[in-house]
Amino acid sequence: MNRFRPISLFLAFLMLQLGINAQEQKAENPILFADVPDASMIRVKDTYYMSSTTMHLSPGVPIMKSKDLVNWELVNYAYDRLGEVDALNLENGESAYGRGSWASCIRYHNNTYYVFTFAATTGKTYAYTTKDIENGPWEVNSFEPSYHDLTVHFDDDGKVYMIWGAGKLMIAELESDLSGVKKGTEKVLIENASAPAGDNIMLGAEGSQLFKIDGNYYLFNITWPRGGMRTVVVHRAASINGPYEGRLALQDKGVAQGGLIDTPDGKWFSYLFRDNGAVGRIPYLVPVKWEDGWPILGEDGKVPNTLDLPSNKGLIPNIVASDEFKRKKKDRKLPLVWQWNHNPIDSLWSVSERKGYLRLKTGRMDSTFVDARNTLTQRTIGPVCSAETAVDVSQMKEGDFSGLSLLQKNYGYIGVTLNNGSKNIVMVHTHDDLPQEMATVPVSQNKVYFKAECDFTDKKDAAYFYYSLDGKKWKKIGTKLKMTYTLPHFMGYRFGLFNFATKNTGGYVDFDYFTIKNELTEIPE
């Protein structure tokens, strides 16, 4: 017997295991299985910062931080409140669903951080600036009109340029103090930026992002050929004013809209997103190589499943997180993972009036859940997730409704309602745009437990609701909610804690905790 053979077999096995482990430790696409669309990204030394879209939610324009391009954490927002118009305040029948601010542009120039965005709800364009992107404070300049899908570039000659538009792309210089567009500088940059993707276009080229690399200007856009998929087009020019030459840069899985980022060791990637059903638009990274001065996206034109980057560590607790609502003196009243549905009324919520609880009070009467202010939300995450809460409903008033929701246009929720002096646990979801009670269970106690579970695996987009009277034994209630991503809301489903009045104001409820997990506690049948 060859005495070296066992050693050789052991070494071969060890090498195989090391190879498997190395493969397992690679990053996977999507890098974030959550609604983080319209990303704009910068690198400052060894740290990456990304801004994204959260539409009607407040605070808005989330700022995320990463050291490896894969694992991100929320560190700030560009604003607490975008404005005080009716649509943002959910007043007088107006709402900002599907609007608010989106497609921001983040930049770093002369030791200052900039975030630019726009909003049709206010008709303005915004420039937020700070020296400390993680802590603020932010200064803001705003001007009219609202420039759609803008990108801003600080050029080497000291001028500041803005590009915007859809299909026909425009360019103009900004005033040095960012107070508006310089008169007489606005002109057409590219007459038909969609052309590299063909002449049968459903969505004209938009989502502009401009980069200057080795003396050339590279303009990224998304377009959508009719009958096809979302597509990346790139234009290149030696001068910012053109002329520009365009190419189709990526057409795979509908992954598109974004730009370029490099690593400290010289690797290049394109950050993009993909429509992924009810969970929302989720970020992808695509490796980039350079050939003849052009960025070549993907591996043989395809979006890879794995990346030569550190492995994903999950989204809890840096993108979504559980909350016991217990606060110390120096703590934020609400961690950054939380956002209000529209501008909140601060006098109607508290985490201090009853220690260890979130109190939501009613201040006006509303007819439906989506009309109600002060719904506190977090993202859902994929491929599966669940959220659980407990609510004290002892101080509800006649006609009040409070509980745990899944927010989108086709929403669903489970809660307690008080009608004719009696409390009931009710499961509701929309049908033909109208809320319908799918199940009702009488309840006499004042503390009730609720759970919602989401299965986004392979775009199942199925949600189920549960209740418990002791927090241990759970019962499924109602019917499956078939979650659908809709343009009127333009965002992935979000968990929400809510309380609204339909007959009387002045009632309140206390939420004991919010627990989110990336697992299903029960596999739905």
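The values are calculated or read from the model by the stated rules, or taken from the named source; none is laboratory data. Please read these numbers as outputs of a predicted model, since none were measured by experiment. Counting neighbours? That spans all protein chains shown, and the Cβs are built from the backbone with ideal geometry, glycine included. In case anyone asks, the SASA skips ligands and DNA or RNA and just uses the protein heavy atoms, side chains included. Shrake-Rupley method; radii C 1.70, N 1.55, O 1.52, S 1.80 Å.
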*Any idea which of Ser394, Ser367 is outside any helix (DSSP H, G or I), modelled with pLDDT of 95 or more and among the polar types (S, T, N, Q)?*
Ser394
*asked:* Condition first: open to solvent by less than 20 Å² (accessible area, probe 1.4 Å), under 30 Å from Leu309 (Cα atoms) and assigned to a loop (DSSP other than H, G, I, E, B). Now tell me which residues in the stretch 43-78 satisfy that.
replied: Ser52, Thr53, Thr54, Leu69, Val70
*In this structure, is Ser311 under 29 Å from Phe456 (Cβ atoms), hydroxyl-bearing (Ser, Thr, Tyr) and open to solvent by 10 Å² or more (accessible area, probe 1.4 Å)?*
yes
*How many residues are out of contact with any Ser or Thr (no Cβ under 9 Å at 6 or more places or on another chain) and at positive phi if we restrict to the stretch 60-112?*
5
*Based on what the data block shows, is Leu336 in contact (Cβ under 8 Å) with a residue 40 or more places away in the chain and either of a type in the set (Lys, Arg) or open to solvent by less than 10 Å² (accessible area, probe 1.4 Å) (or both)?*
no
_Filtered residues of the stretch 199-212 (kept if exposed (fewer than 14 other Cβ atoms within 10 Å of the Cβ), in contact (Cβ under 8 Å) with a residue 24 or more places away in the chain and farther than 18 Å from Trp294 by Cα)_ = Asn200, Met202
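A quick yes/no check of all residues on (1) over 27 Å from Thr231 (Cβ atoms); (2) in contact with a helix residue (DSSP H, G or I) (Cβ under 7 Å, 6 or more places away or on another chain); (3) in contact (Cβ under 8 Å) with a residue 24 or more places away in the chain:
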| site | (1), (2), (3) |
| --- | --- |
| Ala103 | no, no, yes |
| Tyr108 | yes, no, yes |
| Thr117 | no, no, yes |
| Glu139 | yes, no, no |
| Ser146 | no, no, yes |
| Asp149 | no, no, yes |
| Leu169 | no, no, yes |
| Glu173 | yes, no, no |
| Gly180 | yes, no, yes |
*asked:* On the basis of being under 29 Å from Gln378 (Cα atoms) and either free of Cβ contacts under 8 Å to residues at least 60 places away in the same chain or assigned to a loop (DSSP other than H, G, I, E, B) (or both), does Leu248 make the cut?
replied: no
*asked:* Between Pro344, Pro304, which is touching a Gly at 6+ places or on another chain (Cβ under 8 Å), closer than 24 Å to Pro37 by Cβ, in a loop (DSSP other than H, G, I, E, B) and of a type outside the set (S, T, N, Q)?
replied: Pro304
*Using the structure shown, decide if Thr263 is more than 29 Å from Ala172 (Cα to Cα), β-branched (Val, Ile, Thr) and either out of contact with any Ser or Thr (no Cβ under 9 Å at 6 or more places or on another chain) or crowded, with 24+ Cβ neighbours inside 10 Å (or both).*
yes
*What are the residues in the stretch 169-197 that are at positive phi and open to solvent by less than 30 Å² (accessible area, probe 1.4 Å), if any?*
Leu178, Gly180
*Which residues, taken from the stretch 231-249, are out of contact with any Pro (no Cβ under 8 Å at 6 or more places or on another chain) and surrounded by fewer than 24 Cβ atoms within 10 Å (Cβ to Cβ)?*
Arg236, Ala238, Ser239, Ile240, Asn241, Gly242, Pro243, Tyr244, Glu245
*Can you confirm whether the stretch 191-200 contains a residue that is in contact with a strand residue (DSSP E or B) (Cβ under 9 Å, 6 or more places away or on another chain) and assigned to a strand (DSSP E or B)?*
no
*Being in a strand (DSSP E or B), closer than 18 Å to Asn276 by Cα, open to solvent by 10 Å² or more (accessible area, probe 1.4 Å) and not acidic (Asp, Glu), is that true of even one residue in the stretch 403-414?*
no
_Residues that are open to solvent by 20 Å² or more (accessible area, probe 1.4 Å) and over 17 Å from Asp149 (Cα atoms), drawn from the stretch 214-229_ = Asp214, Gly215, Asn216, Arg226, Gly227, Gly228, Met229
*Every residue from the stretch 370-391 that is in a strand (DSSP E or B) and either open to solvent by less than 10 Å² (accessible area, probe 1.4 Å) or of a type in the set (Ser, Thr, Tyr) (or both)*: Leu376, Thr377, Gln378, Arg379, Ile381, Cys385, Ser386, Ala387, Thr389, Ala390, Val391
*Is there a residue being in a loop (DSSP other than H, G, I, E, B) and open to solvent by less than 10 Å² (accessible area, probe 1.4 Å) anywhere in the stretch 79-89?*
no
_Take the residues in the stretch 218-245 that are among the hydroxyl-bearing types (Ser, Thr, Tyr) and in contact (Cβ under 8 Å) with a residue 40 or more places away in the chain; name whichever of them is nearest to Val286 (Cα to Cα)._
Tyr218
*Count of the stretch 430-488 residues which are of a type in the set (D, E, K, R), open to solvent by 50 Å² or more (accessible area, probe 1.4 Å) and either under 25 Å from the mean Cα position of the chain (by Cα) or farther than 19 Å from Phe498 by Cα (or both)*: 12
_2 or more residues open to solvent by less than 10 Å² (accessible area, probe 1.4 Å): qualifying strands (runs of 3 or more DSSP E) within the stretch 104-160_ = 112-119, 124-130, 151-154
*Quick one: count up the residues across the stretch 150-167 that are more than 27 Å from the chain's Cα centre (by Cα) and of a type in the set (A, V, I, L, M).*
1
*If you go through the stretch 283-295 one residue at a time, how many are open to solvent by less than 60 Å² (accessible area, probe 1.4 Å) and part of a strand (DSSP E or B)?*
8
*If you check Val320, Val303, which single one turns out to be surrounded by 15 or more Cβ atoms within 10 Å (Cβ to Cβ), in contact with an Asp or Glu (Cβ under 6 Å, 6 or more places away or on another chain) and within 24 Å of Gly492 (Cβ to Cβ)?*
Val303
*Applying the selection to the stretch 251-282, what residues are basic (Lys, Arg), in contact with an Asp or Glu (Cβ under 9 Å, 6 or more places away or on another chain) and in a strand (DSSP E or B)?*
Arg281
